[in-house]
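Undergrad: Before we start, here is the structure in question, set down as structure tokens.
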């Protein structure tokens, strides 16, 4: 940590600052420049996590040198993590192909879509039973009934399943049915929920918040890891921006940036990132080309009757065509699509 | 709702769309332009909340005409709401002066700060017992012990209190001690939590999310109102932007924009909006001048020892000076600072 | 300037870096921390302006300690500058009240609006003769004819005038007619144009670019100052954001932030910042309360027939009402509205 | 165009609006909904470009149905345009590989870098002779001397050249030396400059502004096209965002979005989009995978001595490795890298 002092700092203020730093068991190293004096802190910076050095008189700015996450950092774990979702591997050259409807709507829909995406090459089935809708008047999900349908569809079509959890009181219930928890973008900094899933032993798909930096995302992953659950897969799904013609702005550079900082796998979700079926295939290809460990796509066989986000879903035929292109690209890049251990019934 | 059709839409697609709309009990009104055809929907648009018309073949764009919130809208309640926080009024010309430390740290600190802010003119005391920290390694709050200290300080100094709740499992606990719930920016779209506080009968201070539009904020208020709790006070606290020299970007125009859309009071929080004590007084004055129903300020008597966000707190003396200026401005604007019914011990 | 080295930096790389720094006549001061080594640069940092130290092997990050502008900085000129626009003072407690139509449309309009805004209390008349329109098919301004009309209206109603210049080839022409140049937001980093107006001896109203930080704005002012023209007035006019319900996001905190960094006056333009007449008065009041040195407002007596941006103009009667409120606030704040020396004919 | 009326609009206001619309030779079509009345405009919307219908009493909102650009639109020109830069084709399946240093610094550097990038597979050589630097104290370019060096290096190594023009007074000069004009991001809405290059007969590489939407970019292209110069290549180079860890946010979805709207080719510039050599290769691959018509990369053989933006340049060896990967991806996608007609000396 570096502390830049104000141009009019007094010797007394400098002494006071050094006292504060040393009282925490750290060393302060002074560097007097022509215009400004800078103090370098030597020792374990995490001792300063709860100490607002910016509020000490004479201090102009505090600059952290090390990222504030540890367990998620590449320094702590130099090899890429490979996460195992009931047999499907994500990371280290193995790709996730997650697909399914936004919401679980009925057994018929889920069965049909599950069959179609498995046929097209998906290896994990998704579907929401608890939906975070911006309107209290919109369809909120089938709840436990939805979990049962999703589980049955995954089993029938031989794929592990992933579903969103929103309420810490439902983590146990969801865990009974799912192979992987999803934490949605709106809950990326719901630290209560992150702690709750960190205490389970199932993998977590953690979506980036709409205005979270890559480091914020890694800090949220750290919450899960710090509880003892090392199985986190990150997901880039677009950030807020100024162009109203897409739902979000797909930040493909987040993929290589994450790889520079962390060992955790990161996949992309072009469905939410763009909100437009006409842009999804191009962005899925871009994500894979940028090094993503998988692709998350919403698929619906009758988008106009979908109960949630139908307008951004691909048709099964469109998904099959895209999956074909993604396989070609994966081969060029030397990556593999992990095959599920389950067998379609 | 208006539906703009694609330039190459077929007559069959138009018929199919009209069938869909009419099957929901609505009427469709066709308008054929030179270049595009537009369909207007006549009837109760809320029937379409779960229907993705954008996914219907031939549709180019769907444009809502009415805002998606109802209970929060000015049309539903043309007079400004006045929220009563244990005797302190917010809205309709009455101003909240909420002040206190970011976190409750100890009885001594809370007692001293409580005395100072009441002396300076605050009418509601704030303090966090559960803290949403981005790092799992940072101070997370004193929990129930903190709630007891806050309650005691409020009682001693004759002020109602407000404190953040993060976990739906703790709503009952927090309700026992507080006069007003705070929902933090990171939980603005934690719909589970919004529903939980909507089921209580205490006022809710709802902070705007970092990348939420004003309409998103009103949709979140709608979640609380829809549960039967009409006592919501909104709070503008800055949004994410590209200038790293402030913590957030203070969106003062959100104040008059909210007044155009809703009857709910809105206050400003320049502490979080800027993160810089040197900018807080100017932004507090700006908020009041723009029509805000109050000001929320973090105050700490020893910022450099604060366990959370000390670097953005005002000193009690700075707060007293600002409060004096705010009183002058309130008088010019014809507003009153509601006086607490409690008497300092 | 601080240089943070990579964790795996070699001694050879450190030596090479120190050589590079010393070859520029600067000193390097090494500080070896537990995890990272940091190099402080001692001496005149401007020597490094064209040296990409980030590209030197072993370097992780370069952190400037001093802002890159000089003439615009408060350190260079600790007292607020007062800019004189043909007798009207801006800065140091004196307020600009700039008003007029977006574009000069005809003598009749300009004459009527000039009379109305002077009557309401404006002290500088604005009007565009060259318009930066996003569409090549929209009205582009009356050019020299417009300059003549604006000049005549200013003279008749006893006010100095300000008008936009877009083309370095027209600076001489515009200078003949105007008392102050305006550089529009889209040209804030048109360095050719900044240099051209820097070589004149007339004041410059420099509008902030849509995605420029406050420091970017000050760097653009530095271009004008560096040519020998010290008469720059800055203008906050909103930045791009994600809420489509306003044209831009009014960054009122830019006002006090500028005051912390620079001696140059800064005014606010709520017309462009919001694009909505229903929000302009509240934002004008907010700007003044935050410490702005004036307010720039577009006024049109028949907005629906305006040839440019009519939808964001106030009516003369709305402007008069707002000006009355601004005068009350100015008095409370101990500021004066500078009176023009000219006398209405 | 659709006009949504206010809920309290009067019949008189509706009549007045219809009169206004009909006086422009257009037809108004009324649609009375349950809550709101909507007016559809039938006829040539461009007649409304200078008419602020939002300012007409009783109007709540105006919604354009058609995009405001014409010559740039896919409807005007359904086949992809292929731009010819002195023999190198861009668009319609042919890819640009533009490479070179940020600034032209000397014959020796330009010669060496030119040889290296041609060897690696570049087909157009770039280099700046006029540099838009944010600081007036930074290196501003070699001007005409730089143009001569670039031209000579292009000729010697058998590549066409592209260079930035910033000043309308220098368009003629730059045209003598270059095969393609570059308009930089900061000048994307410098309409004077766009008009000037629109009057030449050389292709234009138009970079997207830092906070411009895709439609804004197309409107700026329209300025060039409207002057009679149809040879425009667009360039995505990142937009402003909130994460300080990259220079800009690379908006890869802009590539397929442009393809939905326009026939003009679009390339990507990951150098400026990220500002980080460690992210450039991944983003270049992503751009191509998303459908871009080429890649623009800054290359320098000694980045630490570069006079401008050295810290974001790739080394020639890094560029060669990336070019190899891009060729593999191009082949997979069925695209070709157009070969220059010139022969290296």
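Undergrad: Going by the structure shown, is residue A:308 at pLDDT below 95, within 16 Å of residue A:126 (Cβ to Cβ) and part of a loop (DSSP other than H, G, I, E, B)?
TA: On the way: at pLDDT below 95: yes; within 16 Å of residue A:126 (Cβ to Cβ): yes; part of a loop (DSSP other than H, G, I, E, B): yes.
So residue A:308 passes the test.
Undergrad: Moving on. For segment D:26-49, enumerate the residues that are under 24 Å from residue C:300 (Cβ atoms) and in contact with a helix residue (DSSP H, G or I) (Cβ under 9 Å, 6 or more places away or on another chain).
TA: Of all residues in segment D:26-49, those under 24 Å from residue C:300 (Cβ atoms) come to D:26, D:28, D:39, D:41, D:45-49.
Selection gives D:26, D:28, D:39, D:41, D:48.
Undergrad: Let me ask you something else. Within segment D:329-345, how many residues turn out to be surrounded by 13 or more Cβ atoms within 10 Å (Cβ to Cβ) and either within 14 Å of another protein chain (Cβ to nearest Cβ) or without any contact (Cβ under 8 Å) to a residue 24 or more places away in the chain (or both)?
TA: Of the residues in segment D:329-345, 5 are surrounded by 13 or more Cβ atoms within 10 Å (Cβ to Cβ) and either within 14 Å of another protein chain (Cβ to nearest Cβ) or without any contact (Cβ under 8 Å) to a residue 24 or more places away in the chain (or both).
Undergrad: Further question on the same structure: Let me confirm something: among A:156, A:148, which residue is part of a helix (DSSP H, G or I), in contact with a helix residue (DSSP H, G or I) (Cβ under 9 Å, 6 or more places away or on another chain) and closer than 28 Å to residue A:330 by Cβ? Walk me through how you get there before you give the answer.
TA: On the way: A:148 fails: closer than 28 Å to residue A:330 by Cβ.
Being part of a helix (DSSP H, G or I), in contact with a helix residue (DSSP H, G or I) (Cβ under 9 Å, 6 or more places away or on another chain) and closer than 28 Å to residue A:330 by Cβ holds for just one of A:156, A:148, which is A:156.
Undergrad: Could you list, in sequence order, all residues of segment C:186-198 that are assigned to a helix (DSSP H, G or I), under 15 Å from residue C:218 (Cβ atoms) and more than 7 Å from every other protein chain (Cβ to nearest Cβ)? It would help to see each step written out before you state the result.
TA: So the first thing to find is which residues in segment C:186-198 are assigned to a helix (DSSP H, G or I), and the list is C:186-187, C:191-198.
Still in the list and also under 15 Å from residue C:218 (Cβ atoms): C:191, C:194, C:198.
Those that are assigned to a helix (DSSP H, G or I), under 15 Å from residue C:218 (Cβ atoms) and more than 7 Å from every other protein chain (Cβ to nearest Cβ): C:194, C:198.
Undergrad: Does residue C:36 qualify as being in contact with a strand residue (DSSP E or B) (Cβ under 9 Å, 6 or more places away or on another chain), at pLDDT below 90 and over 16 Å from residue A:3 (Cβ atoms)?
TA: Values: in contact with a strand residue (DSSP E or B) (Cβ under 9 Å, 6 or more places away or on another chain): yes; at pLDDT below 90: yes; over 16 Å from residue A:3 (Cβ atoms): no.
No.
Undergrad: Looking at the structure I just gave you, is residue B:281 out of contact with any strand residue (DSSP E or B) (no Cβ under 9 Å at 6 or more places or on another chain), surrounded by fewer than 24 Cβ atoms within 10 Å (Cβ to Cβ) and assigned by TED's automatic domain parsing to the domain that holds residue B:113? First the steps, then the outcome.
TA: Numbers: out of contact with any strand residue (DSSP E or B) (no Cβ under 9 Å at 6 or more places or on another chain): no; surrounded by fewer than 24 Cβ atoms within 10 Å (Cβ to Cβ): yes; assigned by TED's automatic domain parsing to the domain that holds residue B:113: yes.
No, not satisfied.
Undergrad: Continuing with this model, one more query. For segment A:29-72, name all the residues that are away from chain B (no Cβ under 14 Å) and closer than 25 Å to residue A:263 by Cβ.
TA: So the first thing to find is which residues in segment A:29-72 are away from chain B (no Cβ under 14 Å), and the list is A:29-43, A:65.
Selection gives A:65 alone.
Undergrad: For segment B:251-261, indicate whether the set of residues that are more than 7 Å from every other protein chain (Cβ to nearest Cβ) and outside any helix (DSSP H, G or I) is non-empty. Lay out the reasoning, then the answer.
TA: Filtering segment B:251-261 down to residues more than 7 Å from every other protein chain (Cβ to nearest Cβ) leaves B:254, B:258-259, B:261.
Applying the additional criterion that residues be outside any helix (DSSP H, G or I) yields none.
For segment B:251-261, residues more than 7 Å from every other protein chain (Cβ to nearest Cβ) and outside any helix (DSSP H, G or I): absent.
Undergrad: Can you tell me which residues in segment B:208-220 are out of contact with any helix residue (DSSP H, G or I) (no Cβ under 8 Å at 6 or more places or on another chain) and either outside any loop (DSSP other than H, G, I, E, B) or at pLDDT below 95 (or both)?
TA: Narrowing segment B:208-220 to residues out of contact with any helix residue (DSSP H, G or I) (no Cβ under 8 Å at 6 or more places or on another chain): B:211, B:213, B:216, B:219.
Scanning segment B:208-220 gives B:216, B:219.
Undergrad: A further question on this structure: When you scan segment D:170-185, how many residues do you find that are out of contact with any helix residue (DSSP H, G or I) (no Cβ under 6 Å at 6 or more places or on another chain) and surrounded by fewer than 21 Cβ atoms within 10 Å (Cβ to Cβ)? Outline the logic, then answer.
TA: Going residue by residue through segment D:170-185, those that are out of contact with any helix residue (DSSP H, G or I) (no Cβ under 6 Å at 6 or more places or on another chain) are D:170, D:172-176, D:178-180, D:182-185.
Going one step further and asking which of them are surrounded by fewer than 21 Cβ atoms within 10 Å (Cβ to Cβ), we end up with D:170, D:172-173, D:175-176.
So the count comes out to 5.
Undergrad: Check off (1) more than 11 Å from chain D (Cβ to nearest Cβ); (2) under 28 Å from residue A:44 (Cβ atoms); (3) surrounded by 13 or more Cβ atoms within 10 Å (Cβ to Cβ) for residue C:8 and give me the number that stays unchecked.
TA: (3)
Undergrad: Answer with yes or no whether residue D:23 is more than 28 Å from residue D:166 (Cα to Cα), more than 32 Å from the chain's Cα centre (by Cα) and either surrounded by 15 or more Cβ atoms within 10 Å (Cβ to Cβ) or more than 14 Å from chain C (Cβ to nearest Cβ) (or both). Write out each step before concluding.
TA: Values: more than 28 Å from residue D:166 (Cα to Cα): yes; more than 32 Å from the chain's Cα centre (by Cα): yes; either surrounded by 15 or more Cβ atoms within 10 Å (Cβ to Cβ) or more than 14 Å from chain C (Cβ to nearest Cβ) (or both): no.
In short, no.
Undergrad: Follow-up question, since we're still on this one. In segment C:295-309, is there at least one residue being within 14 Å of chain D (Cβ to nearest Cβ), under 18 Å from the mean Cα position of the chain (by Cα) and under 20 Å from residue B:256 (Cα atoms)? Outline the logic, then answer.
TA: First, pick out the residues of segment C:295-309 that are within 14 Å of chain D (Cβ to nearest Cβ): C:298-309.
Pick out the ones that are also under 18 Å from the mean Cα position of the chain (by Cα) and you get C:298.
Adding the requirement that they be under 20 Å from residue B:256 (Cα atoms) leaves C:298.
Yes - at least one qualifying residue is present in segment C:295-309.
Undergrad: Looking at (1) assigned to a strand (DSSP E or B); (2) touching a residue at least 40 places away in the same chain (Cβ under 8 Å), which one does residue C:130 not meet, given that it meets all the others?
TA: (1)
Undergrad: Quickly run through segment C:221-248 and pick out the residues that are within 14 Å of chain B (Cβ to nearest Cβ) and either surrounded by fewer than 24 Cβ atoms within 10 Å (Cβ to Cβ) or part of a loop (DSSP other than H, G, I, E, B) (or both).
TA: Quick first cut of segment C:221-248, residues within 14 Å of chain B (Cβ to nearest Cβ) only: C:236-248.
Answer for segment C:221-248, where residues must be within 14 Å of chain B (Cβ to nearest Cβ) and either surrounded by fewer than 24 Cβ atoms within 10 Å (Cβ to Cβ) or part of a loop (DSSP other than H, G, I, E, B) (or both): C:237, C:238, C:240, C:241, C:242, C:243, C:244, C:245, C:246, C:247, C:248.
Undergrad: Also: Among the numbered conditions (1) closer than 25 Å to residue A:312 by Cα; (2) assigned to a loop (DSSP other than H, G, I, E, B); (3) touching a strand residue (DSSP E or B) at 6+ places or on another chain (Cβ under 7 Å), tell me where residue A:205 comes up short.
TA: (2)
Undergrad: Give the number of residues within segment C:123-160 that are within 14 Å of chain D (Cβ to nearest Cβ), surrounded by fewer than 24 Cβ atoms within 10 Å (Cβ to Cβ) and on the phi < 0 side of the Ramachandran plot.
TA: Residues meeting the conditions: 11.
Undergrad: Among the residues of segment B:292-313, which ones are touching a residue at least 40 places away in the same chain (Cβ under 8 Å), touching a helix residue (DSSP H, G or I) at 6+ places or on another chain (Cβ under 8 Å) and farther than 15 Å from residue B:109 by Cβ?
TA: Listed by number, the residues that qualify are B:292, B:295, B:296, B:297, B:312.
Undergrad: Based on this model, can you work out whether residue C:246 counts as assigned by TED's automatic domain parsing to the domain that holds residue C:270 and either at pLDDT below 95 or more than 26 Å from residue B:248 (Cα to Cα) (or both)? Show your work before the answer.
TA: On the way: assigned by TED's automatic domain parsing to the domain that holds residue C:270: yes; either at pLDDT below 95 or more than 26 Å from residue B:248 (Cα to Cα) (or both): yes.
Yes; evaluated as a whole, the condition is true for this residue.
Undergrad: How many residues does segment A:311-338 hold that are within 22 Å of the chain's Cα centre (by Cα) and at pLDDT below 95?
TA: Number satisfying all stated conditions: 3.
Undergrad: While we're looking at this one, here's another question. Quick one: would you say residue D:98 is crowded, with 22+ Cβ neighbours inside 10 Å, at pLDDT below 90 and either away from chain C (no Cβ under 14 Å) or more than 30 Å from residue B:3 (Cβ to Cβ) (or both)? Full working, then the answer.
TA: Working: crowded, with 22+ Cβ neighbours inside 10 Å: yes; at pLDDT below 90: no; either away from chain C (no Cβ under 14 Å) or more than 30 Å from residue B:3 (Cβ to Cβ) (or both): yes.
Here the answer is no, as residue D:98 does not meet what is asked.
The values are calculated or read from the model by the stated rules, or taken from the named source; none is laboratory data. Predicted model, so just to flag it, every value in this text is computed and none were measured. So basically every Cβ, Gly included, is an ideal-geometry build from the backbone, and we count neighbours across all protein chains shown.
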